[in-house]
Amino acid sequence: MEVLTQKERRIKMQLSCPMPKLDFEVITLGHGSGGLLTNRLLDSGVFDLLKNDMLDQRHDGATLNLSGPTAFTTDSFVISPIFFPGGNIGELAVNGTVNDLAMCGAIPEFLSLSFIIEEGLTMQEFWDILVAIKFACEQAGVKVVTGDTKVVERGKGDKIFINTTGVGRLHAQAQISSTRVKAGDKIIVSDQLATHGIAIMSVREGLEFETTIESDTRNLNHVVKALLDDFGPNIHLLRDPTRGGVGTVLTEIARDTQLGIDIAQRNIPMDEQVQGACEILGLDPLYVANEGIFIAIVAAEVADDMVQKMQASEHCRHAMIIGEVTEDHPRQVVLTSGIGGKRVVNMLVGEQLPRIC
């Protein structure tokens, strides 16, 4: 059986979904009127590509049948540029919401999808975004069941903004809470840092590297479910370090738990090109945004086994234990550098990389 990478699967999806011939090439204000043009826009894209039993009802909402504890999240995506190496705003929107549910210990099932489109967006751009949404939904195993489309005047938006809301049932073994974090717990990072932020910055600044740095946008729900199946109650906290990066998330955890955190720079996984780009741009990778990694705080006795299982999965090949929770220096994160020096890692001040997700 042929095993394809995420990039290969994405390309295969794009080739299998050619844009149909349409009588319009650019989205206008009329496409947001709720009338004939709106219906043509939705019929030729959203309903056809994302079709399922619930979405096909074309109702104002969706009726869901869920039992037991349920997680619910919402997020908005305003990234610039909307197309970047490794993905686009559509794939990012689905993955971001799916991953937020996974960090709650939930199994994502249903999404709402709302577009705010600026007049002048080409239909080809919109189609490519829809195909990316379809791809991300299929990879994550979720369904878009309701949504909304609005069009704003030229100059009143930035091509397209997307809002997604997600619902999923909690995993039976999930006990994810900052109140369960304790001294001695190990801190695991699932893969290499700062890839997404540098991929976006390389496009904005026209940076060139030996190979293209691509965003790490991906769904994490399948690997999280597998970890909960095997290690359940020993996983105390999960977080995805998107805006603000790993440094900010760890600082928030230290503040919320009233405990200290020690991390070692030599254990932090990072691509050499990404590290070099951070040095050139004067960026601290601990504060650069990510879209396809997570932080797990787990009981010490399962940490090594968890890392071994993670490294066997497609999206966590560089998983590492980067530190541990301590009763020393409460509410502070302390980094030990490669040469043995120590410094306090504070929360990100200001906006280091605007419009990153």
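The values are calculated or read from the model by the stated rules, or taken from the named source; none is laboratory data. Worth saying up front: this structure is predicted, and the values here are computed from it rather than measured. Here Cβ is always computed from backbone atoms with ideal geometry, including for glycine, and neighbour counts include all displayed protein chains.
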Exercise. Across segment 1-29, what is the number of residues that are touching a residue at least 60 places away in the same chain (Cβ under 8 Å) and over 16 Å from Ile129 (Cα atoms)?
Worked result: 6
For this session: Determine whether segment 256-266 contains at least one residue that is under 19 Å from the mean Cα position of the chain (by Cα) and not assigned by TED's automatic domain parsing to the domain that holds Asp100.
Result: no
Exercise. For segment 17-103, list the helices (runs of 4 or more DSSP H) that sit wholly inside it and hold at least 3 residues that are at pLDDT 95 or above and among the aliphatic types (A, V, I, L, M); which are they?
Worked result: 89-103
Exercise. Among Ile322, Ile339, which is part of a strand (DSSP E or B), within 24 Å of Gly260 (Cα to Cα) and among the aliphatic types (A, V, I, L, M)?
Worked result: Ile322
Exercise. Scanning segment 267-303 for residues that are assigned to a loop (DSSP other than H, G, I, E, B) and free of Cβ contacts under 8 Å to residues at least 60 places away in the same chain, which turns out farthest from Leu237 (Cα to Cα)?
Worked result: Gly282
Problem set entry | Failed item, numbered, when Asp158 is tested on (1) within 22 Å of Ile89 (Cβ to Cβ); (2) not assigned by TED's automatic domain parsing to the domain that holds Leu36 | (2)
Problem set entry | Hey, Phe77 buried (at least 17 other Cβ atoms within 10 Å of the Cβ) and either under 30 Å from Ser177 (Cα atoms) or of a type in the set (Ser, Thr, Tyr) (or both) or not | yes
Exercise. Residues Gly68, Gly105, Gly34, Gly45: which one is over 13 Å from the mean Cα position of the chain (by Cα), surrounded by 15 or more Cβ atoms within 10 Å (Cβ to Cβ) and on the phi > 0 side of the Ramachandran plot?
Worked result: Gly105
Exercise. Residues of segment 150-168 being part of a loop (DSSP other than H, G, I, E, B) and small (Gly, Ala, Ser), which ones?
Worked result: Gly155, Gly157
